[in-house]
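Everything below concerns the one structure shown next.
The values are calculated or read from the model by the stated rules, or taken from the named source; none is laboratory data. Just so you know, these numbers come straight off a predicted model, no measurement behind them. Don't worry about glycine lacking a Cβ; one is built from the backbone with ideal geometry, like all the others, and counts go over all protein chains shown.
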Amino acid sequence: MKERVSHVDATRIAGSDGGGRTLIACVAISFLLHVALAVVLMTMPALTPSRKFIPSAVNVSLVSLPALGSGAANAPAADKPAAAATVPEKPAVVQEPVKPAPVKPPPAPAKPEAEVSTAPAVKPEKKKESLKHKTFKSSEAIKSAVSKIEKETAEKPQSSLAETLDRLKQQVEKEDPRRKAGAGEGTGQTGTVFGSSAGTGLSSTQFRDQVQVYQAEIAYQVQKNWAFSELMSSGRTELETVIGFKIRPNGEIADIWYDQRSGDAHLDESAYRAIVKSSPLPPLPAGLFKGDYTVGIRFGPKGIK
Amino acid sequence: MIKWSGNPLRVATVLFILFLPAASFGQYDLIDIDNPFSRKIPMAIPAFSALNTADGDPALMQKATDILTKSLDFTGFFNMIDRGAYLLEPGKSVAATDQINFRNWTTIGAELLVTGGLSQTGTLVDIELRLFDTLAGKRLLGKRYHGTVDDIRPIILRFCNEVIVQLTGKRGIFDSRIAFISTGSGNKEIYICDFDGSSPVPFTRHGTISLSPAWSSDGKWLAYTSYINNKPDIFIRQTEGSQKAVVMEKGINITPAWVPGQFTLSATMSFEGNQEIYLLTGSGKIIKKITNNWASDLSPSWAPDAKMMAFVSNRTGGPQIYIQDIKSGQVERLTFEGSYNTQPSWSPTGDRIAYASMAGSRNNIFTIDLKRRRPLQLTQDTGSNESPSWSPDGSLIAFSSTREGPSRIYVMTAFGADQRRLLTMPGEQSTPSWSPNLSKN
């Protein structure tokens, strides 16, 4: 830029005999700059911010469900902090309580760790006094953390099923706005089922909750058994198949029928097979339904997620 | 209840009737499921058994079993259940009959079962193949074939095609072949192999550079670029036959692409100075100019209905993919993400276009759906991946990749899953071109 200015000045000085040449020079420079700008604009392709690319789809074969494994994996992890807890009982060594920190399993509360590890780093001059105090505290904290983890580990296998059902229940509720709307209407939604709630002694909300829990179980079972390949279908995503079926009190699936075919043979058949494979379902909750429970499932693959 | 009824009850009844269809389907609760647990169908294929009491040749049985399993597995549709899980008496095979204990197969999770039987007399073989739906407990297909020992592969592939037609209503890929470039001989020559990479044979022996093979939609012709005359010209040759034609206009003649259902092709030529795409007859005569722009236009790829053509142009700077309506001549830019998008390949299903997008010095394969115009990245962090080409049913994509060092041909599903090498040959392989289905029936 500087050069150009001086060049213009130079022309001005040189061309002191007439303003015409200065003007021509100015116009020429301006023209060149415009051309340069236009060229830059035209040849720079990626001025638009590049959006993040969608990651590709990946196939994962599940060998077994993780439920059992996770319980077992936690057990040895719980042993480690127990061993770590014995360390601070040694006459307080500055670094000791810090070391076991990385060995700790993630569920351990982070707070006591942070106290211990920051102390020596931030205030090294107060080491003796505060450390004794804090180490003492930390050993207690670790102990309590360990007992907490042990408790959690002991509880885990039981809670996982309940958690799963809870999650599924929420999912089912979330995914079906119609159901919610229907539930608001009360009588309309539950159809054949609602009639029998009078005899159960449950309030209508309790009854609805129980039905939804059972529906979540059905959804979980059938979804687990549904094998459908987008590659084999016509590839359209708005496909929908509705299959109705009856569940006997013992959980056995009795009748299966199509209420709406998608027009895609592979989807229709894969959905039918998923229901066949899901029999028997868990037995119907006692006292909830009169006789068989009739339910429908709408299969609508949403494509690769 | 009835006592205070009157009007409110009537209103309630009306509401009930109004909301009933929306809330439930038919007369029951409706549960929505939209996410299949498995995206492949579990299938079991026990080893072939002897058709008659006389023992068949175990090696032949093994060969037949392998061809059947590998061919069906290649589609990416099925999850082949490990033979170790089969509930069989040790050393016994499943008899090739309709008497199947389906419970043995449903227990291990198989939804489909394919059984094969084979008997051999001299060089002649009889092969029986069946497809069962294990859950419904019924046979979906049953075929008996007669041929020579050399026919085992064609027989089994023919049955595989029937299986796919039965399950999807569409033709499979088992009659298709793949043309590609290999440098094995020291020059870039065109080779052709089966859909699964088996039996590659050289197609050109020009001893120079040959590039961009393109199949006509009836599979009878192959057009390609070659430097026989020390400049790129287009050669059009029968795949089985001796007819040929050459397009050797002044300048370059490159990237041929056949128009679906017609004996015409499009290609990039520069005899008028600028690189434009022209329409040619199958014998190499120029019909008309398709693109007309100051920039370079090249790499045409046609929609299956031949109404639209995708191509690459640098009219806005870097190369991007454009689509042109052939009738109206209207051009639309398709790709806006990435600064270097080339090699469009229109899916045979018509709804997606695969292309290569370069970032840094590496290409990756993307597809873009024509409805929502959203790119989907199929390859990532595995060398440079380019030259996508669709299988005739649109379920698989062949491409070349440098993920193992030298460039080789790989295959993946249309969504990027199951990426695997197609074949191993001396030299480097590139620019695969998947043929249409080639069988006559």
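Residue by residue, here is whether (1) part of a loop (DSSP other than H, G, I, E, B); (2) small (Gly, Ala, Ser); (3) buried (at least 22 other Cβ atoms within 10 Å of the Cβ) holds:
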position: B:389; (1), (2), (3): no, yes, yes
position: B:400; (1), (2), (3): no, yes, yes
position: B:406; (1), (2), (3): yes, no, no
position: B:410; (1), (2), (3): no, no, yes
position: B:423; (1), (2), (3): yes, no, no
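The strands (runs of 3 or more DSSP E) falling completely within region B:190-301 that include 1 or more residues that are of a type in the set (Phe, Trp, Tyr) and modelled with pLDDT of 95 or more map to B:210-215, B:221-226, B:233-238, B:253-258, B:276-281. Selection of region B:252-280 for residues being surrounded by fewer than 17 Cβ atoms within 10 Å (Cβ to Cβ) and farther than 17 Å from residue B:224 by Cβ yields B:261, B:262, B:271, B:272, B:273, B:274.
If you go through region B:351-366 and pick out every residue that is facing chain A (nearest Cβ under 10 Å) and within 21 Å of the chain's Cα centre (by Cα), you end up with 6. Checking each residue in region B:314-336 for being of a type outside the set (A, V, I, L, M, F, W, C) and either under 17 Å from residue B:388 (Cα atoms) or crowded, with 22+ Cβ neighbours inside 10 Å (or both) picks out B:319, B:320, B:322, B:335. Considering only region B:123-133, I want to know if a residue exists there that is under 22 Å from residue B:74 (Cβ atoms), in contact (Cβ under 8 Å) with a residue 24 or more places away in the chain and within 14 Å of chain A (Cβ to nearest Cβ). So far as region B:123-133 goes, yes, one or more of its residues are under 22 Å from residue B:74 (Cβ atoms), in contact (Cβ under 8 Å) with a residue 24 or more places away in the chain and within 14 Å of chain A (Cβ to nearest Cβ).
Scan region B:139-158 residue by residue and report those that are in contact with a helix residue (DSSP H, G or I) (Cβ under 8 Å, 6 or more places away or on another chain) and farther than 21 Å from residue A:269 by Cα. Within region B:139-158, B:143, B:145, B:147, B:149, B:152, B:153, B:156, B:157 meet the criteria. Being closer than 19 Å to residue B:321 by Cβ, at pLDDT below 95 and among the hydrophobic types (A, V, I, L, M, F, W, C), is that true of even one residue in region B:384-401? Within region B:384-401, none of the residues are closer than 19 Å to residue B:321 by Cβ, at pLDDT below 95 and among the hydrophobic types (A, V, I, L, M, F, W, C). The listed residues are B:261, B:184, B:251, and the only one of them that is under 19 Å from residue B:390 (Cβ atoms) and not polar (S, T, N, Q) turns out to be B:261.
Looking across region B:303-326 at every residue that is charged (D, E, K, R) and away from every other protein chain (no Cβ under 14 Å), the one that is nearest to the chain's Cα centre (by Cα) is identified as B:305.
With respect to residue B:355, is the statement that it is touching a Pro at 6+ places or on another chain (Cβ under 7 Å) and in contact (Cβ under 8 Å) with a residue 12 or more places away in the chain true? Yes, satisfied. Residue count for region A:213-223, restricted to those that are touching a strand residue (DSSP E or B) at 6+ places or on another chain (Cβ under 9 Å) and farther than 18 Å from residue A:267 by Cα: 4. Identify, from the list B:185, B:119, the residue that is touching an Asp or Glu at 6+ places or on another chain (Cβ under 8 Å), among the small types (Gly, Ala, Ser) and either more than 14 Å from chain A (Cβ to nearest Cβ) or under 30 Å from residue A:256 (Cα atoms) (or both). From the options B:185, B:119, the qualifying one is B:119.
Of the residues making up region A:200-215, those that are assigned to a helix (DSSP H, G or I) and either at pLDDT 85 or above or surrounded by 13 or more Cβ atoms within 10 Å (Cβ to Cβ) (or both) are A:200, A:204, A:207, A:208, A:209, A:210, A:211, A:212, A:213, A:214, A:215. In region A:214-253, the residue that is nearest to the other protein chains (Cβ to nearest Cβ) out of those that are aromatic (Phe, Trp, Tyr) and out of contact with any Ser or Thr (no Cβ under 6 Å at 6 or more places or on another chain) is A:226. Of the residues contained in region A:231-243, one or more are found to be part of a loop (DSSP other than H, G, I, E, B), at pLDDT below 90 and over 23 Å from residue B:78 (Cβ atoms). Looking across region B:75-104, the residues that are within 12 Å of chain A (Cβ to nearest Cβ) and surrounded by 13 or more Cβ atoms within 10 Å (Cβ to Cβ) come down to B:75, B:76, B:77, B:78, B:79, B:80, B:81, B:102. The residue that is surrounded by the fewest Cβ atoms within 10 Å (Cβ to Cβ), counting only those in region B:227-244 that are among the polar types (S, T, N, Q) and under 26 Å from the mean Cα position of the chain (by Cα), is B:238.
Checking each residue in region B:327-350 for being within 13 Å of chain A (Cβ to nearest Cβ), without any contact (Cβ under 8 Å) to a residue 40 or more places away in the chain and assigned to a loop (DSSP other than H, G, I, E, B) picks out B:336, B:337, B:338, B:339, B:340. Any residue in region B:104-120 that is under 25 Å from residue B:59 (Cα atoms) and among the β-branched types (Val, Ile, Thr)? Scanning region B:104-120, I find at least one residue that is under 25 Å from residue B:59 (Cα atoms) and among the β-branched types (Val, Ile, Thr), so the answer is yes. Selection of region A:270-304 for residues being closer than 22 Å to residue B:42 by Cα, surrounded by fewer than 20 Cβ atoms within 10 Å (Cβ to Cβ) and more than 7 Å from chain B (Cβ to nearest Cβ) yields A:279, A:280, A:303. Kindly establish whether residue B:116 is surrounded by fewer than 21 Cβ atoms within 10 Å (Cβ to Cβ), under 30 Å from residue A:267 (Cα atoms) and touching a residue at least 60 places away in the same chain (Cβ under 8 Å). Judged against the criteria, residue B:116 is not a match.
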